[in-house]
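In what follows, a single structure is set out as structure tokens and then discussed.
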Amino acid sequence: MKSLVLFYSRTGTTTKVANALGTALSADIKEIKCPRYQGGWFAYLRAGYDSVKGRLPPIDVPDLSFDEYDLVIIGAPIWTSYPALPLRSFLARKPKLPSRVAVFFTLGGHSPAEKAVKMVEGLLPVPLEASLELPHDQVIEGRDSDTIETFVAKLNAIDG
Ligand SMILES: Cc1cc2nc3c(=O)[nH]c(=O)nc-3n(C[C@H](O)[C@H](O)[C@H](O)COP(=O)(O)O)c2cc1C
């Protein structure tokens, strides 16, 4: 099975999970970049404002052929209860993803990931295979390994 972890992260939390998933699945790891939201408080406020407005930003996506992969796992933080805008920009491009797609989110913990998962389901042309949500504090404090292991085992079991 050839897998890809494709993620967006503004402040590094989601990057940590992407790296852990990539290692556990022996997957390629690629990042969606979005300069508009890099930086301190102003960028944070802009992210929140754009997110409430649903204003999709320009993004930089690595040059990828998704048909090389059996499984793509997309990941992002949650912003204002929904997937961070750069991931939404990516999905709005209607990329030709393989039939197996899973998603993971990191979040502050003050809202559940349910709405974000539903939005991703609505934007994908294929059924979402699995989803994972990890609170920011668990990731930063390294208390996320069991949850990640369970998620990876689930993906591998579906493969078998
Ligand atoms: C603009 C903005 C909006 C956010 N909205 C939410 C939210 O609605 N619910 C929540 O639990 N966390 C929210 N967060 C917290 C992030 O989801 C959380 O800190 C995440 O782990 C950050 O990931 P990153 O370091 O990869 O950017 C928000 C963060 C930002 C920047």
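Of the listed requirements (1) out of contact with any Leu (no Cβ under 9 Å at 6 or more places or on another chain); (2) assigned to a helix (DSSP H, G or I); (3) charged (D, E, K, R); (4) within 14 Å of the ligand (Cβ to nearest atom), D146 misses just one: (4). Condition check for L45 on (1) of a type outside the set (S, T, Y); (2) within 12 Å of the ligand (Cβ to nearest atom); (3) touching a helix residue (DSSP H, G or I) at 6+ places or on another chain (Cβ under 9 Å): one failure, at (3).
Within the stretch 100-130, the set of residues being within 15 Å of Y8 (Cβ to Cβ) and in contact with a His (Cβ under 8 Å, 6 or more places away or on another chain) comprises T106, L107. Here I74 fulfils each of the conditions (1) part of a loop (DSSP other than H, G, I, E, B); (2) among the hydrophobic types (A, V, I, L, M, F, W, C); (3) closer than 18 Å to L124 by Cα apart from (1).
Scanning the stretch 67-120 for residues that are of a type in the set (V, I, T), in contact (Cβ under 8 Å) with a residue 60 or more places away in the chain and near the ligand (Cβ under 8 Å from one of its atoms) yields one hit, T106. Considered as a group, the residues in the stretch 48-66 that are of a type in the set (S, T, Y) and within 12 Å of the ligand (Cβ to nearest atom) include one that is surrounded by the most Cβ atoms within 10 Å (Cβ to Cβ), and that residue is S51. Among residues of the stretch 84-109 being more than 19 Å from D50 (Cα to Cα) and part of a loop (DSSP other than H, G, I, E, B), the one that is modelled with the lowest pLDDT is G109. Do you know which residues across the stretch 1-35 are β-branched (V, I, T), touching a Ser or Thr at 6+ places or on another chain (Cβ under 9 Å) and within 11 Å of the ligand (Cβ to nearest atom)? Passing the criteria: T13, T14, T15, V17.
The values are calculated or read from the model by the stated rules, or taken from the named source; none is laboratory data. All values reported here derive from a predicted model rather than from experimental measurement. Glycine gets a Cβ as well: all are built from the backbone with ideal geometry, and neighbour counts include every protein chain shown.
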